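Working notes, structure below.
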Amino acid sequence: MKRLAELKQAGHKAFVAYIMAGDGGIEKLGEQIQYLQERGVTAIEVGIPFSDPVADGPTIEAAGNRALDKGITLEKVLDEMQRFDFEVKVPLVIMTYLNPVIRFGAERFTQEAKKAGASGVIIPDLPFEHRQLIEPFAKQQELVLIQLVTLTTIESRLEEILKQAEGFVYAVTVTGITGSRDELAEEVGAFTRKVRELSPVPVYAGFGISKESHVDRLRDDVDGFIVGSAIVQAFHEGRIEDIEPLIDAVTAPHSV
Amino acid sequence: MTRVKICGLMEEQHVKAASQADAIGFVFAPSKRRVSIERAQELSRLANNDMQRIGVFVNASYEEIENAVKAVPLTMVQLHGDEPDELIRRIEVPVIQAFSIRTPDDVEKLNNSIADYILVDAPGTDYRGGSGHVFDWSLLENVDLDHSRLILAGGLNRDNVQAAISQTAPFMVDVSSGVETDGRKDEVKIQQFILQAKGDSMERTQEKTIDPVGFFGRYGGQFVPETLMKAVKELEAAYEDAKNDAEFQKEYHHYLKEYVGREQPLTFAARMTEAWGGPKIYLKREDLNHTGAHKVNNAIGQALLAQRMGKRKIVAETGAGQHGVATATICALFDLDCVVFMGEEDIKRQQLNVFRMKLLGARVESVTKGSGTLKDAVNEALRYWVTNVEDTHYLIGSALGPHPFPTMVRDFQSVIGKETKRQILEKEGRLPDAIVACVGGGSNAIGMFHPFIEDASVRLIGAEAAGDGVDTERHAATLTKGSEGVLHGAMMKILQDDAGQVQEAHSISAGLDYPGIGPEHAHLADNGRVTYEAITDDEALESVIEMSRLEGIIPALESAHAIAQAKKQAQSMTADELLVICVSGRGDKDMATYAEKLEGLS
Ligand SMILES: Cc1ncc(COP(=O)(O)O)c(C=O)c1O
């Protein structure tokens with residue numbers, strides 16, 4: 001995770017890829033991670049399928065259902081990660097809804113995630129107010145609990161959340177669920193600028209990012225981009241190379 | 001929290017009934033409750049490890065006391081005679097010294113005791129060691145007394161123990177004859193006494209565990225995506241404000257009366273009473289509400305609140321369609337924009353309600369994901385809310401979801417229980433012995449139960465859906481089979497697999513076909529105040545026929561679960577007891593199911 005701060009200092013933008021673990025079979029997980037790190041992504045979010053993903057749009061929900069149909073569980077994903085026989089060169093962040101973690105046991109989850117080589121955890125339905133359920137265990141394992149902030153986060157909470165932010169801040173760029181969008185709302189630029197001013201760690205924009213035009217618009221207001229649905233769909237349809245221009249658009253050195 | 005001691009135990013079942021107490025007492029002095037050391041040993045084995053075992057003696061020798069302490073073994077000794085300080089000092093375990101209180105002078109003496117605890121009682125009559133009478137508790141007020149060593153005894157029972165605790169703030173309360181019937185301990189009275197002594201404070205301490213707001217014990221909270229946090233917090237503040245605003249309450253009750261047609265009768269069911277041959281049966285008639293079920297009580301409250309918050313767009317989920325119809329109705333009344341998400345499967349089985357919603361001007365969105373039932377409809381409604389949160393209120397239909405929904409829905413539905421309480425007192429001059437309501441997400445049940453929670457003598461029973469049976473794959477028996485988990489914004493009890501994936505529920509009744517149960521019910525199940533039983537599809541259908549023919553009331557399939565459970569309950573009740581059933585809705589919406597399932601009915 002330190003690398004993310006260094007990247008920011010060097011003036012480079014980060015590209016964080018989200019994948020749905022086990023979509024297409026658990027054996028695909030290692031392949032996808034290897035592919036993405038070869039292609040130069042900065043970090044990878046490993047999504048855990050859940051039966052009721054209320055923060056997700058149709059693309060990720062469908063990917064999750066395909067993984068569930070193959071019997072993928074949080075435990076299987078962590079096991080598989082512990083068996084990787086290649087060198088993982090980028091930070092891995094586990095993204096999961098809260099219930100599978102509670103069922104697995106919060107402490108055991110952080111221990112196994114650490115063994116699996118994860119550096120952080122994102123739990124979209126665990127608000128800042130209830131982070132005590134997970135954070136103490138995550139701290140023991142030196143995993144960061146990534147916080148999300150959104151266009152609707154009120155000022156006082158925003159400051160509170162950012163004060164304690166670690167790793168990076170996930171700035172949600174739509175008022176809505178995950179999924180590709182044509183346009184981003186007007187106020188997004190101002191929002192990410194404000195978050196970036198207050199945040200001690202890099203700020204990455206996510207939800208709805210799927211095009212170079214989105215990247216162009218926000219480039220100066222964020223430290224990186226998180227791309228989910230577009231990648232998940234491209235892997236599913238066997239045309240991941242289509243995403244390469246987007247990765248390049250973010251990571252290629254730019255005149256500032 | 002005040003501790004509870006149940007004293008003078010002689011029988012196994014009474015020790016077990018006292019399992020939630022902190023201490024049990026064995027009397028070794030002459031008394032009708034006297035036990036031998038061997039008997040105390042046997043009984044003591046049945047108690048939890050952390051239970052205090054207290055031996056009661058009157059002027060016994062040191063040897064006798066020490067012998068009992070070692071043999072049982074006892075963790076404390078209670079002395080009721082004229083034991084000298086010398087003896088008290090020699091006893092190794094903590095000592096309780098008993099005093100009879102008659103006058104202020106007696107109170108003065110308490111501070112001279114060198115014992116670890118002082119037990120205060122009314123003067124004995126026949127023999128020493130407790131009288132069964134209360135003394136004037138006010139004697140303990142305004143005197144310099146260390147209440148952390150005070151144990152209160154004498155004439156306590158389930159009805160006066162709360163008052164006694166608030167007046168004297170003792171370390172422990174001690175009861176014996178107050179939990180007896182005809183000179184013998186009574187399991188029900190023991191449990192009710194403990195509940196009364198602790199119930200309230202138990203809740204208060206448990207609510208302190210996490211962020212106390214919005215939790216019922218360990219259940220509840222606000223487990224929603226960050227985008228919704230603002231809306232949830234705003235709702236919390238707006239409801240807090242509205243709740244205490246007399247104008248808001250007046251408006252709410254105005255619509256309940258003039259539009260819904262409240263108050264609804266508590267109908268004496270003469271033929272069911274006769275047919276079941278047990279208690280007197282009363283029916284709380286939520287079926288008579290405009291739109292046909294209790295759901296409208298909540299829809300009105302929330303729609304008024306939404307307008308107060310400046311929101312004129314409403315999204316709702318529905319299972320049986322009753323909540324969808326209630327919401328669509330109120331939105332028509334108040335000219336609000338209305339979208340209802342409903343599972344594909346439910347749209348099929350509740351056709352009539354779908355048409356009603358459309359007729360009322362609502363947009364009905366079919367949800368094809370998952371099992372196409374209520375859980376999936378809630379997911380879609382939540383996604384819709386996340387996307388339209390700035391101008392839309394989510395009018396949730398049961399006592400579910402993130403705080404403040406479970407509390408707010410309960411409050412709006414509590415009109416059911418409040419009316420029932422007033423009506424039964426008018427008709428019978430006393431509270432009912434048992435109340436049964438069906439539980440889907442839990443709104444009609446919590447609305448009915450909540451005003452009776454503090455009345456320990458009223459048994460509360462929730463009937464959940466067993467579908468094909470709780471031992472099959474197809475049921476919705478969340479409290480019988482579920483476990484702790486987070487779904488739809490709250491920690492509650494859910495049906496889930498080992499990996500934490502939420503399972504599909506099944507019930508013939510669309511309104512009960514949900515794999516979760518609201519947080520307050522989960523808590524009431526854990527602390528034992530409410531018991532929950534599961535009723536199968538077939539049992540419910542049978543009850544539909546029975547009530548239709550005996551009372552001329554065709555119940556909703558959901559309500560039929562309560563009726564079936566009530567029939568079972570009635571079997572262990574007597575003619576002088578009172579049983580209330582919450583008839584949450586009428587059966588019109590289920591007519592297609594009835595026609596299909598009861599085909600050939602003669
Ligand atoms: C008539 C009726 N009773 C009961 C229920 C179950 O809901 P709850 O448990 O919230 O009362 C429903 C739900 O649709 C219903 O329509």
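The values are calculated or read from the model by the stated rules, or taken from the named source; none is laboratory data. These figures come from a predicted structure and were not determined experimentally. Cβ: placed from backbone, ideal geometry, glycine included. Neighbour counts: every protein chain shown. Surface accessibility is based on the protein's heavy atoms, side chains included, excluding ligands, DNA and RNA. Shrake-Rupley method; radii C 1.70, N 1.55, O 1.52, S 1.80 Å.
Tabulated data
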| item | result |
| --- | --- |
| Test: B:Gln322 is within 10 Å of the ligand (Cβ to nearest atom), open to solvent by 10 Å² or more (accessible area, probe 1.4 Å) and more than 14 Å from chain A (Cβ to nearest Cβ) | yes |
| Within region B:464-503, tally of residues that are more than 14 Å from A:Leu98 (Cβ to Cβ) and facing chain A (nearest Cβ under 9 Å) | 4 |
| Total residues in region B:482-500, condition surrounded by fewer than 18 Cβ atoms within 10 Å (Cβ to Cβ) and without any contact (Cβ under 8 Å) to a residue 40 or more places away in the chain | 3 |
| Identity of the residue in region B:458-478, under 24 Å from B:Pro279 (Cβ atoms) and either acidic (Asp, Glu) or open to solvent by 10 Å² or more (accessible area, probe 1.4 Å) (or both), that ends up nearest to the chain's Cα centre (by Cα) | B:Arg459 |
| B:Lys358 being at pLDDT 95 or above and away from the ligand (no atom under 16 Å from the Cβ) | yes |
| Residue that is farthest from the ligand (Cβ to nearest atom) [pool: residues in region B:295-316 that are open to solvent by 10 Å² or more (accessible area, probe 1.4 Å) and touching a residue at least 12 places away in the same chain (Cβ under 8 Å)] | B:Arg312 |
| From B:Arg529, B:Arg549, residue being surrounded by fewer than 24 Cβ atoms within 10 Å (Cβ to Cβ), more than 28 Å from B:Ala270 (Cβ to Cβ) and away from the ligand (no atom under 12 Å from the Cβ) | B:Arg529 |
| Per-region count, region B:32-45, residues open to solvent by less than 70 Å² (accessible area, probe 1.4 Å) and under 31 Å from the mean Cα position of the chain (by Cα) | 2 |
| Test: residue in region B:553-560 that is more than 14 Å from every other protein chain (Cβ to nearest Cβ) and either more than 16 Å from the ligand (Cβ to nearest atom) or at pLDDT below 95 (or both) | no |
| Which numbered condition B:Arg33 fails, given (1) charged (D, E, K, R); (2) modelled with pLDDT of 90 or more; (3) farther than 21 Å from B:Ile190 by Cα | (3) |
| Complete set of residues in region A:131-170 that are facing another protein chain (nearest Cβ under 10 Å) and in a strand (DSSP E or B) | A:Gln147, A:Leu148, A:Val149, A:Tyr170 |
| Unique match (being surrounded by 24 or more Cβ atoms within 10 Å (Cβ to Cβ), of a type in the set (Ser, Thr, Tyr) and part of a helix (DSSP H, G or I)) among B:Thr420, B:Thr407 | B:Thr420 |
| Enumeration of residues in region A:94-130 that are away from chain B (no Cβ under 13 Å) and not charged (D, E, K, R) | A:Ile94, A:Thr110, A:Gln111, A:Ala113, A:Ala116, A:Gly117, A:Ala118, A:Ser119, A:Gly120, A:Val121 |
| Residue check for B:Phe341: open to solvent by 10 Å² or more (accessible area, probe 1.4 Å) and outside any helix (DSSP H, G or I) | yes |
| Residues of region A:227-256 classified as of a type in the set (Val, Ile, Thr), farther than 15 Å from A:Gln32 by Cα and touching a Ser or Thr at 6+ places or on another chain (Cβ under 9 Å), total | 2 |
| Meets criteria (in contact (Cβ under 8 Å) with a residue 60 or more places away in the chain, more than 12 Å from every other protein chain (Cβ to nearest Cβ), within 22 Å of B:Asn388 (Cα to Cα) and buried (at least 23 other Cβ atoms within 10 Å of the Cβ)) for A:Ser229 | yes |
| Matching residues, region A:146-162, being open to solvent by 10 Å² or more (accessible area, probe 1.4 Å) and in contact (Cβ under 8 Å) with a residue 24 or more places away in the chain | A:Leu148, A:Leu151, A:Arg157, A:Glu159, A:Glu160 |
| Residue in region B:371-380 that is open to solvent by less than 10 Å² (accessible area, probe 1.4 Å) and aliphatic (A, V, I, L, M) present | yes |
| Cβ-Cβ under 8 Å pairs, at least 6 apart or on other chains, region A:13-24 side open to solvent by 10 Å² or more (accessible area, probe 1.4 Å), far side assigned to a loop (DSSP other than H, G, I, E, B) and modelled with pLDDT under 95 | A:Lys13/A:His254 |
| Out of B:Val389, B:Val378, B:Val367, sole residue that is within 14 Å of chain A (Cβ to nearest Cβ), more than 16 Å from the ligand (Cβ to nearest atom), at negative phi and touching a residue at least 24 places away in the same chain (Cβ under 8 Å) | B:Val389 |
| Search result, residues across region B:242-293 that are open to solvent by 30 Å² or more (accessible area, probe 1.4 Å) and assigned to a loop (DSSP other than H, G, I, E, B) | B:Asn244, B:Asp245, B:Gly261, B:Glu263, B:Pro265, B:Gly277, B:His290 |
| Check on B:Ala29, in a loop (DSSP other than H, G, I, E, B), touching a residue at least 40 places away in the same chain (Cβ under 8 Å), more than 31 Å from the chain's Cα centre (by Cα) and buried (at least 19 other Cβ atoms within 10 Å of the Cβ) | yes |
| Of residues in region B:509-526 being of a type in the set (A, V, I, L, M, F, W, C) and open to solvent by less than 20 Å² (accessible area, probe 1.4 Å), the one farthest from the other protein chains (Cβ to nearest Cβ) | B:Leu524 |
| Entirely in region A:20-90, the helices (runs of 4 or more DSSP H) that have 2 or more residues that are more than 21 Å from A:Phe109 (Cβ to Cβ) | A:27-38, A:58-69 |
| Test for B:Asn48: is it surrounded by fewer than 16 Cβ atoms within 10 Å (Cβ to Cβ) and at positive phi | no |
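One line per residue, one yes/no per condition, for (1) assigned to a helix (DSSP H, G or I); (2) modelled with pLDDT under 95; (3) under 29 Å from B:Val409 (Cα atoms):
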{"site": "B:Glu533", "(1), (2), (3)": "no, no, yes"}
{"site": "B:Ser543", "(1), (2), (3)": "yes, no, yes"}
{"site": "B:Gln569", "(1), (2), (3)": "yes, no, yes"}
{"site": "B:Thr574", "(1), (2), (3)": "no, no, no"}
{"site": "B:Asp590", "(1), (2), (3)": "yes, yes, yes"}
{"site": "B:Glu596", "(1), (2), (3)": "yes, yes, no"}
{"site": "B:Glu599", "(1), (2), (3)": "no, yes, no"}
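Residue by residue, here is whether (1) more than 16 Å from the ligand (Cβ to nearest atom); (2) buried (at least 18 other Cβ atoms within 10 Å of the Cβ); (3) free of Cβ contacts under 8 Å to residues at least 24 places away in the same chain; (4) closer than 14 Å to B:Lys295 by Cβ holds:
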| position | (1), (2), (3), (4) |
| --- | --- |
| B:Phe412 | no, yes, no, yes |
| B:Glu426 | yes, no, yes, no |
| B:Asp433 | yes, yes, no, no |
| B:Ala456 | yes, yes, no, no |
